[in-house]
Amino acid sequence: MALFTAAVSATVARPLRGGEAARLLLWRNILVYRRAWLVFITGFLEPVFYLFSIGIGVGAMVVGFEYAGKPVDYREFVAPGMIAASAMNGSLLDATFNFFFKLKYNKLYDQMLATPLRTVDIAVGEILWNQLRSGIYVTAFLLIMVAMDLVHSWWALLVVPAALLIGSAFGAVGMALTTYMTSWQDFEKVTLAMMPMFLFSATFFPVTAYPEWLRWIVEVTPLYRGVVLCRELTLGVPSWGSLVSVVYLLAFGAVGLVVVRRRLDSLLLT
Amino acid sequence: MTDYADSGPATPPTAPAGLVSGALRMGDYWLTVLARTWKGGVITTFVTPFFYVLALGVLLGGFVEADPATLEGADSYLAFVAPGMVAAHAMTIAFSEMTYPVYGMVKWQRIYFSMIASPLTASHIVLAQLGFLMLRTLFACGVFLLVLAPFGVFGTWWGLLMAWLVQGLVVLAFGTPVLLFSLSIKGEESFALIFRLGMIPLTLFSGTFFPVANLGPVLEKVAMASPLWQGVNLTRMLALGEIDWALAAVHVGYLGLLAGVCWWLAVRKLDERLVS
């Protein structure tokens, strides 16, 4: 708050220092959501409902389930999948639909750029807000998992940063794609990418359900990397494969961030 | 002075003879809407439900080992889940068509206001809107059922035909309350809530993906009271050809009553919103 008043009352416009810009944007989003707190709170319910429905309801009929050669409770298999999938869903929806609305209809970013904020500040600020929100959601989900006795390893704590990594990677790529969109009809393509990833990235069943060639395709998709990363952490069996997933997601997000910065420069500053 | 008498319509606007003929006057409007927007809904309407069946019915279903006795008459998990998904799909269409689009007709493009500025009344507008919703749903669910047919999950052809037709009732049982909701709210933020607290839990816990008996004795009763379970169970009985006619009549009565009451309320609400 102090930072906010200091920034707006400064008489001479000056370039903002690194963290300042991001914090201002964060504050703006908090102000916006203060009026829609119920929307904020209910945001974390979807993965919980899926866990209860598919994990418990359908899971009651799934017997003798094995993961990596060991028998695993089906609920413990689905829960980390829901963490990764909802990290993707949450930040992709924010980075596509909401971002498009602000970019095209609200003209929010045009207003922001009339201030000392730069395009990269906007991109980073939006992603930070996004991550703060999904950090709260994933922590709540992890607590529910603990309460349901689905967590047996301290490695599970790392699922919070893992979910943030997944979220920011998808957020950056989603924003980059949004800058190429011209109408709401284009968002059908977002659904077309998101929905199969949600359903087929080993979220509800292991990749062994696929024939070999299809398995390879699934294993290189970004959500699959996120799902196995979260699963290895909550089951307490991290491996070198987990590191590969981390590097993959970092690279995926970095590409998105570079593209979004260039595109915003050309869309908003020229 | 210009003589304005000549610039009016060749025939003065007349009141429509009846409810249906009035609603039909909006037929060309809805056809134009369909012609211009159908592409935007192709994936959500046809691809999404098919992928859900493939992922949950076929692939996850491969891991399900349930005694057919617990699957409400279905001989496999796929046969259990497929008809449930058809009814859930009809509900999803009701939610997506009756939320933002309807709100836009009142608040953003304000098309309803241009309709009411003619001899048409709120009853005509609601009938045309819901008639369009119903036709659209019957088409989408018809395609969905045809896609499912090769999986060999249906009992008899006449049961399948009836399962298709009851989707018209299912969509009205959800379309009318959601329409009423959309006409009543002040801001569009409320939509996030009815999707998250209404549509998603209904889809997930109304016997679509697993038998409601798995919920335990108390929650089972709660789930059975939900309109989606009524629709899902009705669709499933018809599609599988294992019909308890008395129960089917209860389902039809429940859904019909819900649709009727909310329809009446929606007409009143629209009238209030547009006229007064």
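The values are calculated or read from the model by the stated rules, or taken from the named source; none is laboratory data. Remember, it's a predicted structure, so these values are computed and weren't measured experimentally. Cβ coordinates were reconstructed from backbone atoms using ideal geometry, including for glycine residues, and neighbour counts include every protein chain displayed.
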- prompt: Within segment A:146-153, is there a residue that is within 14 Å of another protein chain (Cβ to nearest Cβ), surrounded by 18 or more Cβ atoms within 10 Å (Cβ to Cβ) and not in a helix (DSSP H, G or I)?
  reply: no
message: Please determine whether any residue of segment B:30-42 is modelled with pLDDT under 90, within 7 Å of chain A (Cβ to nearest Cβ), more than 30 Å from B:S123 (Cα to Cα) and surrounded by fewer than 21 Cβ atoms within 10 Å (Cβ to Cβ).
response: no
- prompt: Among A:L108, A:L113, A:L93, A:L117, which is the only one that is of a type in the set (A, V, I, L, M, F, W, C), closer than 15 Å to A:L25 by Cα, free of Cβ contacts under 8 Å to residues at least 12 places away in the same chain and out of contact with any strand residue (DSSP E or B) (no Cβ under 9 Å at 6 or more places or on another chain)?
  reply: A:L108
- prompt: On the given criteria, is B:T48 β-branched (V, I, T) and more than 10 Å from every other protein chain (Cβ to nearest Cβ)?
  reply: no
task: Test A:L233 against the stated conditions and say whether it is in contact (Cβ under 8 Å) with a residue 40 or more places away in the chain, surrounded by 17 or more Cβ atoms within 10 Å (Cβ to Cβ), part of a helix (DSSP H, G or I) and of a type in the set (A, V, I, L, M, F, W, C).
output: yes
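Only one residue in A:A254, A:A176, A:A202 is surrounded by fewer than 18 Cβ atoms within 10 Å (Cβ to Cβ), under 18 Å from the mean Cα position of the chain (by Cα) and at pLDDT below 95, so which one is that? Even if it seems obvious, please write down each step before you answer.
Working: A:A176 fails: surrounded by fewer than 18 Cβ atoms within 10 Å (Cβ to Cβ); A:A202 fails: surrounded by fewer than 18 Cβ atoms within 10 Å (Cβ to Cβ).
Of the residues listed, the single one that is surrounded by fewer than 18 Cβ atoms within 10 Å (Cβ to Cβ), under 18 Å from the mean Cα position of the chain (by Cα) and at pLDDT below 95 is A:A254.
Could you look through segment B:53-62, keep only residues that are facing chain A (nearest Cβ under 7 Å) and modelled with pLDDT of 90 or more, and pick out the one that is surrounded by the fewest Cβ atoms within 10 Å (Cβ to Cβ)?
B:L59
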Segment A:43-54, subset more than 7 Å from chain B (Cβ to nearest Cβ) and at pLDDT 90 or above, residue nearest to B:P211 (Cα to Cα): A:F52
query: Does any residue in segment B:188-208 that is within 7 Å of chain A (Cβ to nearest Cβ) come within less than 8 Å, Cβ to Cβ, of a residue that is crowded, with 19+ Cβ neighbours inside 10 Å and not in a helix (DSSP H, G or I) six or more places away or on a different chain, and which pairs are these?
result: B:R196/A:G43
